[in-house]
Amino acid sequence: MEGLFSILNTELLVATIRLSTPITLAAIGATICEKSGIVNIAMEGIMIIGAFFATVVAYYTGNPWAGLLAGIISGGLFSLIHAFATVTLHLDHTVSGAVLNILSFGIVRYLMVLIFGHPGTTNPIPVGLKAYQWAIPGLSRIPVLGPIFFNQTPIVYLSFVAIIFFTFFLKRMKVGLHLRAAGEHPLALETIGVSVYKMRYLGVLISGLLSGMAGAYLSIENNVSFTEGMTNGKGFIALAAMISGGWHPIGAFLAALFFGFADALQIRFQIIKLINVPEELFIIFPYILCVVAVAGLVRRSRPPKADGKDFMIERVE
Amino acid sequence: MKKLSLMFLVLVLAAGLFMTGCAKEEAADDAPMIVSMATDVGGLGDKSFNDGAYAGLLMAQDKLGVEPRVVESKQQTDYVPNLSGLAEDGSSLVFAVGFLMADAVIEAAANNPDAAFAGIDIWAADDAPKNFQGISFNEHEAGYLAGVVAGMMTKEYASASDKLNDDNVLGVVLGMFIPPVEKFEVGFIAGARSVNPTVEVISVTSGSFVDQAKGKEAALAMIEQGADIIFHAAGLTGLGAINACKEEGVLAIGVDVDQNSVAPDTVLTSAEKKIVQATYLTVESVHNGTFAGGNAYYGINEDAVGIAPFHSFDSMVPQAVKDKVAAVTADMKAGKVKVPTTRAELDKM
């Protein structure tokens, strides 16, 4: 039992934040996207794109901030393919999302060879965003909460900002309300003269920007190089976080924290050998929780009414 | 997308067949022997297995004049078509790289009895086709040597570097728990204990070979518990572990190939599987006509496993540690050291 207490410390919670940040960002993105009525399962692929371009730019400019910007923008641009396919071309949302996921891995493999001469992993970037870790004076001295929330790296702070901003965005801002209407009752929105297409494009774009940032977090903040497949399912966990979070940014954050915590905990369980079972059981622990959470919470949370439903403007001649 | 690329592959293969068909008449005997490899999903550039095998092919091209070819696998369902495709395309010897290609290479070997197949890190069972050779490494021997270094450095010589602390703790980050990974781990633990009986070695299985974030978290959690040298047998996941060591100012031990270049101020040494050497020796055996099915083992006796140079740490590592490594290597070659290969064997020691 002595071992058990040695792992229940602030570090466990700091690790939770580290592991949950990419999931939080992608889950908020997915939430906004689905609020606008577009199902998006392509976060995994968008994250890979963001992670890759962030690394390329950070590697060649030597400036991780330029890398971050590149990650966000490339994620946004890549997501527009999804918007074009689902909104303009009226394709099935899930099919388009799946295509994006496959496409992203192909694009990255191709560009890896083109730019770095080999696939697999890139060379380390000169400076990562971790170097810009910033302890907020005063606040960071608060026991426990200080190191967790107020002594963090840039993208983690940005994820906190995103949680607050997008909660406000959906609740209070006019454009946020219009976006929600596009996902609840698109026809009503169109009749008051607001373009459903535009709102849905915006929703997808936001999910792309945030997922791109999540990718940049993995490659240039948490680490210093890009590895193909480094998202390792985090984009899909984000989907689960969105659902268990009840299509709400704060809910998505809490669910992502929960998954991050489960992962941080299982690593420590392995270290103290809490129970003598095969490692595989520890490894699947977060995923089991994920399934349980989605199955348990999904009944209480409700997706937007027109989520995944195509909307076509009928022109009367 | 997939259909298109598959169609493209078929077209390329067809074109290749057609062209070899045309060329055959004039090429006659002096056409170079074609030796090829299909990577696992890690692909070239993994600074590990796939790169090592490829370097072996290039070495064979240099020394034996063979023509190397590479096909990269994007997903596990590519393995059989890639391997078979290479054989049908005129390769005399096809390498499958990595344990996860085991079933695929045996299927491809059975379908293409005229070509020789070799599987790096793959075990040939008794009923495997006769044109298939499994190439295994004695990872435990490399792990043991790395363990000897780590075991001595973390306690006896902890004052040699400010990256080492007073806690007698070492860490091991594992990828998926498969036999070669297990051999590295138990060899490392046995080696560390042989020079430092009270050492505590903690290990974490990440369950992935590509998840840098998880490798980093595992290493950070170990460092928190006092580990000051972390060994990884986790492929690209291990890059995250090395990065964690760099950030926290402790030492790392790389795996498979000399990983010093990943972080020269952090990677003390690497437990090497000299895949280059083993790949080359296999090509040579086909070239000389001595290739045989079954299993080939490459270990300390063939100089195909070992530890990499200390590079910038060379002056920091005490002579006593280097002497011990040399002595243990000699003892292993003389068969005086028994290194366990599974956790069950380790527990019995």
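Take every DSSP beta bridge whose two residues both sit in chain B; close to 5 percent of them are antiparallel. Gain on full extension, evaluated as 0.36 nm per residue between B:Thr290 and B:Glu345 minus their Cα-Cα distance, stands at 16.4 nm. Shielding by partners for peptide B:69-82, expressed as the average number of C-beta atoms from other protein chains within 10 Å of each residue's C-beta, is 1.
What separates the Cα centres of segment B:136-175 and segment B:255-317 is a distance of 18 Å.
Helix B:319-333 and the longest principal axis of the C-alpha atoms of chain B enclose an angle of approximately 50°. Given +1 at the Cβ of Lys and Arg, -1 at the Cβ of Asp and Glu and no other charges, the dipole of segment A:133-291 around its Cα centre is 520 debye to the nearest 20.
In plain terms, the residue of B:Met101, A:Met47 with the fewest other Cβ atoms within 10 Å comes first and the most crowded comes last, giving B:Met101, A:Met47. Under the criterion of Cα pairs below 8 Å and six or more residues apart, the relative contact order for chain A equals 36 percent. Translational diffusion of segment B:155-254, estimated by Stokes-Einstein from the Kirkwood radius over alpha carbon pairs at 37 °C in a medium of 0.692 mPa s, is 250 µm² per second. The distance linking segment A:176-222 with segment A:68-82 is 13 Å (Cα centroid to Cα centroid, whole angstrom). Pairwise Cα distances in the protein assembly as shown exceed 48 Å for 19 percent of all pairs.
For chain B, the percent of C-alpha pairs falling in each 10 Å distance bin, counted from 0 to the bin holding the largest distance, reads 6, 25, 31, 21, 12, 5, 1, 0. Over the Cα atoms of segment B:209-349, the radius of gyration divided by the Kirkwood radius equals 1.02; this is the Rg/Rh ratio. Within 10 Å of the Cβ of each residue in A:224-236, the mean number of Cβ atoms contributed by other protein chains is 6. Contact order for chain B, expressed relative to its length and based on alpha carbon pairs under 8 Å spaced 6+ residues apart, stands at 17 percent.
Cβ crowding within 10 Å, taken as a proxy for footprinting-reagent exposure, orders A:Arg18, A:Arg268 from fewest neighbours to most as A:Arg18, A:Arg268. Please say if segment A:1-112 is rounded, prolate or oblate, where rounded means a/c under 1.5 for a ≥ b ≥ c the square roots of the C-alpha gyration tensor eigenvalues, and otherwise the choice is prolate for a/b larger than b/c and oblate otherwise? Since a/c reaches 1.5 but b/c is at least a/b, the shape of segment A:1-112 is classed as oblate. Inter-chain Cβ neighbour count for A:7-17, averaged per residue, equals 2 (cutoff 10 Å, partner chain atoms only).
From least to most packed, judged by other beta carbons within 10 angstrom and beginning with the fewest, A:Leu89, B:Leu281 follow the order A:Leu89, B:Leu281.
Here the Kirkwood formula puts the hydrodynamic radius of segment A:121-207 at 16.0 Å, using every distinct Cα pair. Over chain B, DSSP H runs of length four or greater, each weighted -39,500 (n - 2.57), average out per residue to a 222 nm ellipticity of -14000 deg cm²/dmol. Relative to its residue count, segment B:270-349 spans a Cα convex hull of 143 Å³ per residue. Between A:Ala295 and B:Asp314, the distance separating the two model label sites (each 7 Å from Cα on the Cα→Cβ line) works out to 5.9 nm. When a/c is below 1.5 the answer is rounded, else prolate if a/b is larger than b/c, else oblate, so apply that to segment A:52-143 with a ≥ b ≥ c taken from the square roots of the Cα gyration tensor eigenvalues. Here segment A:52-143 falls in the oblate category.
Among the trypsin sites (Lys or Arg not before Pro) within segment B:70-165, which fall in a DSSP loop and have no more than 13 other Cβ atoms within 10 Å of their own Cβ? Answer by residue number: B:Lys130.
Peptides A:19-29, B:252-262 ranked from most to least packed, by the mean per-residue count of other Cβ atoms within 10 Å: A:19-29, B:252-262. Pair-distance distribution P(r) for chain A, from all Cα-Cα distances in 20 Å bins starting at 0: 32, 56, 11, 0 percent. Each Lys or Arg adds one and each Asp or Glu takes one away; over the other residues whose Cβ falls under 11 Å from the Cβ of A:Arg18, this sums to -1.
Cα centroids of segment B:190-233 and segment A:135-175: 32 Å apart. With the highest mean first, a sort of the peptides B:327-338, A:177-188 on other beta-carbon atoms found within 10 angstrom per residue produces A:177-188, B:327-338. Measuring spread by the Cα atoms of segment A:210-317 yields a radius of gyration and Dmax of 18.1, 72 Å. Across segment B:140-185, counting alpha-carbon atoms alone, Rg and Dmax equal 12.4, 36 Å. Here the sum of -39500 (n - 2.57) over DSSP H runs of 4 or more residues, divided by the residues of chain A, equals -21500 deg cm²/dmol at 222 nm, to the nearest 500. Once the Cα-Cα distance is subtracted from the 0.36 nm per residue extended length, the B:Lys333 to B:Lys130 segment shows a gain of 70.1 nm. Taken over the Cα atoms of segment B:197-252, the convex hull encloses 68 Å³ per residue.
Values quoted throughout were computed directly from the atomic coordinates according to the rules given, and no laboratory measurement underlies them. Just so we're clear, the structure is a prediction, and the values are computed from it rather than from any experiment. Positions of Cβ are backbone-derived with ideal geometry, glycine not excepted, and every protein chain shown enters the neighbour counts.
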